[in-house]
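The values are calculated or read from the model by the stated rules, or taken from the named source; none is laboratory data. The shown structure was predicted, so the numbers you read here are calculated from the model rather than taken from an experiment. A quick note on method: Cβ atoms are made from the backbone with ideal geometry, for glycine too, and the neighbour counts reach across all protein chains shown. What goes into the accessible areas is simple: the full protein's heavy atoms, side chains included, and nothing from ligands, DNA or RNA. Shrake-Rupley method; radii C 1.70, N 1.55, O 1.52, S 1.80 Å.
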Amino acid sequence: MTWKSKDLLTLEELSAAEITHILDTASSFKEVSTRSVKKVPALRGRTVVLFFHEPSTRTRISFELAAKRLSADILNVQTASSSLVKGETLIDTLKTLESMTIDALVVRHKSSGVPQMLANITKATVINAGDGSHEHPTQGLLDLLTIREHKGKIEGLTVTIVGDITHSRVARSDIRALNKLGAKVRVCAPPTLIPMGIEKMGVEVFHDLDKALSGTDVVYVLRLQLERQKNNLFPTIREYSMMYGVNNERLKRAKKDAIVMHPGPMNRGVEISSGVADGPASVIDEQVTNGVAVRMAVLYLLQGESNEKPS
Ligand code: CP
């Protein structure tokens, strides 16, 4: 399959075959990170800019590592130390970067739609690293890769996403990708943390965690995004944790071989207990490992494929 898109902004725009091709490419890149010299020349001479306007540990660092392992040159633009704080607009900042002939821009922003807006005005590849509550496509892809590695397939699995669905870009990317690949998706949260009409995305809605976990293959726990919640959406964190926190007792409702995932960062003791996060069903560290391979695959397919095959 030859990759035609300039950008990766949402998983909605990808077909099942395209998602599978990214996962297959990521699987082949995993080996590079096990070498003593963790580098291939696929993006040699390319310049990748990391443009993060919200805090990030996993996504920013794994994009940087991915680009370095593909031999690209990397620039980090930090909001606090850029001319954005002097009032320069995002578009003028982008034009400034473009004048220095960049090839790819990895963008995280608190507002939904910013990566799309920038992609519309630049010739550079734009990759969405998380925009508001819209999407986090590379998180969705690394989640699917991790599920596929453990279950051997996506089709026919039941995946239960528990937590703050309303504010979660991860939930939206995962739901879109899982549906395309034939999984059944359940979402579970108090009514105030589930957006109206989410059923239209092809999910089954639960408010009772025990019922939602019953017979599930994958338990996907989301962070309670208190920084995005403007009103009190549940009485107290303690009550939320009692009703929706995933602990080892609750996990018994899921299938015996169920895996537990979380995109990070975790609120231990709130949405997930340490016993589950560090327990035998947890694949949270593997998600992080797969993040590097998935981001290598995305950068390679969008930027490097026409140049040089990895060797
Ligand atoms: N999963 C995720 O996006 O984590 P960071 O915010 O640390 O990048």
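Can you find a residue that is under 17 Å from the mean Cα position of the chain (by Cα), closer than 18 Å to Asp7 by Cβ and open to solvent by 70 Å² or more (accessible area, probe 1.4 Å) anywhere in the range 115-122?
yes
So which residues in the range 22-37 are within 17 Å of Thr138 (Cα to Cα) and open to solvent by 40 Å² or more (accessible area, probe 1.4 Å), if there are any at all?
Asp24, Ser27, Ser28, Lys30
If we keep just the residues of the range 161-180 that are modelled with pLDDT of 95 or more and open to solvent by 30 Å² or more (accessible area, probe 1.4 Å), which is nearest to the ligand (Cβ to nearest atom)?
The extreme case among them is Arg172.
Can you name every residue in the range 131-156 that is over 16 Å from Ala17 (Cα atoms), in contact with an Asp or Glu (Cβ under 7 Å, 6 or more places away or on another chain) and crowded, with 22+ Cβ neighbours inside 10 Å?
Listed by number, the residues that qualify are Asp143, Thr146.
Yes/no per residue for (1) at pLDDT below 95; (2) within 21 Å of the chain's Cα centre (by Cα); (3) of a type in the set (D, E, K, R):
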position: Ile198; (1), (2), (3): no, yes, no
position: Glu204; (1), (2), (3): no, no, yes
position: Leu224; (1), (2), (3): yes, yes, no
position: Gln229; (1), (2), (3): yes, yes, no
position: Val260; (1), (2), (3): no, yes, no
position: Gly264; (1), (2), (3): no, yes, no
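Which residues, counting only those in the range 178-220, are assigned to a loop (DSSP other than H, G, I, E, B), closer than 26 Å to Glu18 by Cβ and touching a Ser or Thr at 6+ places or on another chain (Cβ under 8 Å)?
Once the filter is applied, which keeps residues that are assigned to a loop (DSSP other than H, G, I, E, B), closer than 26 Å to Glu18 by Cβ and touching a Ser or Thr at 6+ places or on another chain (Cβ under 8 Å), the range 178-220 yields Leu181, Ala183, Asp217.
Hey, among the residues in the range 38-81 that are among the small types (Gly, Ala, Ser) and crowded, with 20+ Cβ neighbours inside 10 Å, which one's nearest to the ligand (Cβ to nearest atom)?
Here the answer is Ser62.
Take Val85 and tell me if it is of a type outside the set (Ser, Thr, Tyr) and not assigned by TED's automatic domain parsing to the domain that holds Pro235.
Judged against the criteria, Val85 is a match.
Starting from the range 1-15, take each residue that is more than 19 Å from Ser112 (Cα to Cα) and not assigned by TED's automatic domain parsing to the domain that holds Leu141 and list its partners that are surrounded by 15 or more Cβ atoms within 10 Å (Cβ to Cβ) and modelled with pLDDT under 80, counting only C-beta distances under 9 angstrom and pairs at least six apart or across chains.
Thr2/Glu305; Trp3/Glu305
State yes or no: is Gly215 more than 19 Å from the chain's Cα centre (by Cα), open to solvent by 30 Å² or more (accessible area, probe 1.4 Å), outside the structural domain of Ile22 (by TED's automatic domain parsing) and free of Cβ contacts under 8 Å to residues at least 40 places away in the same chain?
No; evaluated as a whole, the condition is false for this residue.
All but one of (1) within 16 Å of the ligand (Cβ to nearest atom); (2) buried (at least 20 other Cβ atoms within 10 Å of the Cβ) hold for Glu286; state the number of the condition that does not hold.
Of everything listed in (1) within 16 Å of the ligand (Cβ to nearest atom); (2) buried (at least 20 other Cβ atoms within 10 Å of the Cβ), Glu286 misses just condition (2).
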